[in-house]
């Protein structure tokens, strides 16, 4: 009865997904659908299918019933029914089934439903997280001069009203950057070179550091993509331990840093969350992509860090299936992990329920100061 009671309590949590992306307002063909089941940006080879992956199996197991199909239905039948229902109905069903009560939407990607449209379709609060690099690139495209760029960027950042900021310095450079804030003259020189080259995206480490430290000045929580991602990054340069000096430099500013995803360095992230009061982390993205093994990743994320420093996220992008699966796999994994602690007598049931609520909902409400976080 203890296990059933715990599972019921976890099922009832209206999750706060503290990091997600938009849903594509279209019905993808099979190739595009499979491309969104992997972090690879390469075409799926003709001799395989992404449905034969931990995430592909999870879609057939957990998403098929939401669309009125039997679990483990074939990819062909799943996609056929998906097309017949249409993207709007599929999205509505899967978002509703997720039980997510609030979404923090990172809007740095160019396509997908925005804050207002996702809120309308889901019927739930959706808040914006602003990508620092995207704002800097917008300012650069406005015809600004190198001398004007620093002040104009700060003004653009101040004009936005998000609940948090996000940096993809891991993608554009890596975490082995100079942890000190760059000087103004250094930024202007780097901006001059960048603007003269007409590069569409910012990758200069000086400008990336400038954007990151301007984010610190803004005073909002800052999310940092960490570790696992598409081949645009170099994974060995995305270990969060490389951020240690930067983390120490940020600490006096009182700004929370949120390490996203973290797999396979989630134990390193847990160490940083334990020793630095302003560091938090999640294992979003990895939960979806590890499928049936996500329970192990969730268990490892709870080994070291204080539970007040762990958050839930899906990192869903493109497919509403990923919003649903992130929540479904997290609930299932947390129920199984915490049930073992309760059954062994190591934890009390009340403590297990309290920890699940902290991670699934309460920690995000506190860090981002959400006034409409679900009760």
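Descriptive notes on the structure:
- Gain upon complete extension [residue 292, residue 348; 0.36 nm per residue less C-alpha separation]: 17.5 nm
- Dimensionless Rg/Rh of the range 254-317 - Kirkwood Rh, Rg from C-alpha atoms: 0.96
- Pairwise FRET efficiency - residue 5 versus residue 142, Cβ, R0 = 45 Å, nearest 0.05: 0.20
- Sequence-distant contacts, meaning Cα pairs under 8 Å at least 6 residues apart, place the relative contact order of the chain at 23 percent.
- Note that the range 29-85 shows a convex hull volume over its alpha carbon atoms of 78 Å³ per residue.
- As a rough footprinting exposure proxy, the listed residues 3, 147 were ranked by other beta carbons within 10 Å of their own, and the order from fewest upward is 147, 3.
- Potential extension, residue 217-residue 248 segment - 0.36 nm per residue separation minus Cα distance: 9.6 nm
- Modelled FRET efficiency - R0 22 Å, residue 43 with residue 201, Cβ distances, 0.05 increments: 0.45
- A viscosity of 1.306 mPa s and a temperature of 10 °C, combined with the Kirkwood radius over C-alpha pairs in the Stokes-Einstein formula, give the chain a diffusion coefficient of 74 µm²/s.
- Note on residue 92/residue 189: beta-carbon distance plugged into 1/(1 + (r/R0)^6) with R0 of 41 Å gives a FRET efficiency of 0.20.
- The range 290-366 and the range 181-206: distance between their alpha carbon centers, rounded to Å: 41
- Taking all Cα-Cα distances within the range 35-123, those exceeding 15 Å account for 67%.
- Fully extended contour minus Cα-Cα distance, from residue 336 to residue 116, at 0.36 nm per residue: 75.7 nm
Values in this text are rule-based calculations from the coordinates and carry no lab data. Note that the structure is predicted; figures quoted are calculated from it, not measured. For neighbour counting, all protein chains shown are included, and Cβ atoms are generated from backbone atoms with ideal geometry for every residue, glycine included.
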